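Here's the structure, in structure tokens; my notes come after.
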Amino acid sequence: MSLPTPSYAALEHSQQFLSHIKEKWAPKQCISFEEWMREALYNPYWGYYTGGLTKLSGDNETTVLQGDFTTAPELSPWYGRTLAIQVEQVLTAAKSSHILEFGAGSGKLARAVLEQLANPTVHYFILELSADLRQRQQETLKDFLSQITWLDSLPTDFTGCILANEVLDAMPVKLIQWNQAQELEEVFVSWQSDELTYQAKPASPVLLDLAQSRLPAYPGYRTEINLQAESWVREMGNYLRKGAVILIDYGFPRNEYYHPQRHQGTLMCHLQHHAHSDPLRYLGLQDITAHVDFTAIADAAIDGNLEVLGFTSQARFLMNCGILSLLNQLDPNDVKDYARQIGPVQKLLSEAEMGELFKVMLLGKNLDIDPIGFISGDRRHTL
């Protein structure tokens, strides 16, 4: 599949960004892939998420293919409305009215949750790194501004419900591989001879220990380990006093993540609704993601004194929370509107689309709850 060609201005931006990286790391002539991904996505001026590029699509029918990717909240408000059922149960059990969302996108998830809760005492906190997305959120949430606070840093103390929809997949990863001698190597990005290439170096003892305990040592096997995501989840145990964390992302339990057939890892890039696997192209212009090892996330949660309360597919979670009952509000006699709203919901639930690939994990602390989203089809035994 051929990729779309970005505009001249965008390509110039990308080239200037690359020059900045080369200058910043001139003595090293290479950086770890984790550093490359962090720069590409989160550099304060040039990064994909922190720059001013259009990232999300789905504002309306005429702009559905703008941006680079579409998330579940962009597809349908019924996603957020259904999620609110689980959020409300957590808030009740925690005796709290506080919600914290990481990376709130366009703000559509927050709006759908607040509309469904219909509770003016609920206060919604948003931690957003992207200045342009924060502006979009303020517009999307203009009817709820009195209930919302935007944060610039992690809280030091929080009680309530935390939401992270497609957050873990965008955290920078370590890229590792077993060479032909079955020695573990860490993969770096090099620009010697002014050409971007991968360069392998012997892995650290820490990475070697992790790799030996997690993945098969097949010669030529390349994959990712997301230490930052694990640290992020572990840290939650320090500031979450009582409540739960709802993590929603695409990924697998470890035995599926590091399956022998997945020998090239899970790295994926998104550019104007085209997916490809070359993160060295279009620096600062494209999204770079990796699937989530949910076993590692569960282990990190337990290390952080959090309890894994549930793990299941997105489809099962939404069904358990009553999405079909909520859809009874629609008038099937209004054929055009019914079809317009049901179509995206089918994509959320379909095993061939988002229903199976995306997983939902609930982490809790000091919470006595039988979570509604996991009453059937709980897969914690697979972790």
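Structure summary
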| read-out | value |
| --- | --- |
| Filter result for residue 139 (open to solvent by 10 Å² or more (accessible area, probe 1.4 Å) and either within 21 Å of residue 45 (Cα to Cα) or not in a helix (DSSP H, G or I) (or both)) | no |
| Any hit, the range 16-39, residues being polar (S, T, N, Q), part of a helix (DSSP H, G or I) and within 17 Å of residue 278 (Cα to Cα) | no |
| Qualifying positions in the range 255-275 - crowded, with 20+ Cβ neighbours inside 10 Å and either charged (D, E, K, R) or within 11 Å of residue 294 (Cα to Cα) (or both) | 257 |
| In the range 198-207, residue most open to solvent (accessible area, probe 1.4 Å) [restricted to those that are more than 26 Å from the chain's Cα centre (by Cα) and in contact (Cβ under 8 Å) with a residue 12 or more places away in the chain] | 202 |
| Qualifying position, being touching a Lys or Arg at 6+ places or on another chain (Cβ under 9 Å), among the polar types (S, T, N, Q) and in contact (Cβ under 8 Å) with a residue 60 or more places away in the chain, among 159, 140 | 159 |
| Lone qualifier among 224, 230 - being under 30 Å from residue 356 (Cα atoms), out of contact with any Cys (no Cβ under 7 Å at 6 or more places or on another chain) and not in a strand (DSSP E or B) | 230 |
| Residues within the range 365-377 that are within 21 Å of the chain's Cα centre (by Cα) and either farther than 25 Å from residue 71 by Cα or among the acidic types (Asp, Glu) (or both), tallied | 0 |
| Scope the range 79-119; condition in a helix (DSSP H, G or I) and either among the acidic types (Asp, Glu) or open to solvent by 10 Å² or more (accessible area, probe 1.4 Å) (or both); matching residues | 81, 85, 88, 89, 91, 92, 93, 108, 111, 115, 116, 117 |
| Flag if residue 193 is open to solvent by 40 Å² or more (accessible area, probe 1.4 Å) and more than 27 Å from residue 23 (Cβ to Cβ) | no |
| Hey, residue 359 in a helix (DSSP H, G or I) and among the basic types (Lys, Arg) or not | no |
| Single residue of 318, 324, 283 found to be surrounded by 17 or more Cβ atoms within 10 Å (Cβ to Cβ) and assigned to a helix (DSSP H, G or I) | 318 |
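The values are calculated or read from the model by the stated rules, or taken from the named source; none is laboratory data. On a predicted model such as this, the values are computed, not experimentally measured, just so you know. Positions of Cβ are generated from backbone atoms using ideal geometry, with glycine treated the same way; all protein chains shown enter the neighbour counts. In case anyone asks, the SASA skips ligands and DNA or RNA and just uses the protein heavy atoms, side chains included. Shrake-Rupley method; radii C 1.70, N 1.55, O 1.52, S 1.80 Å.
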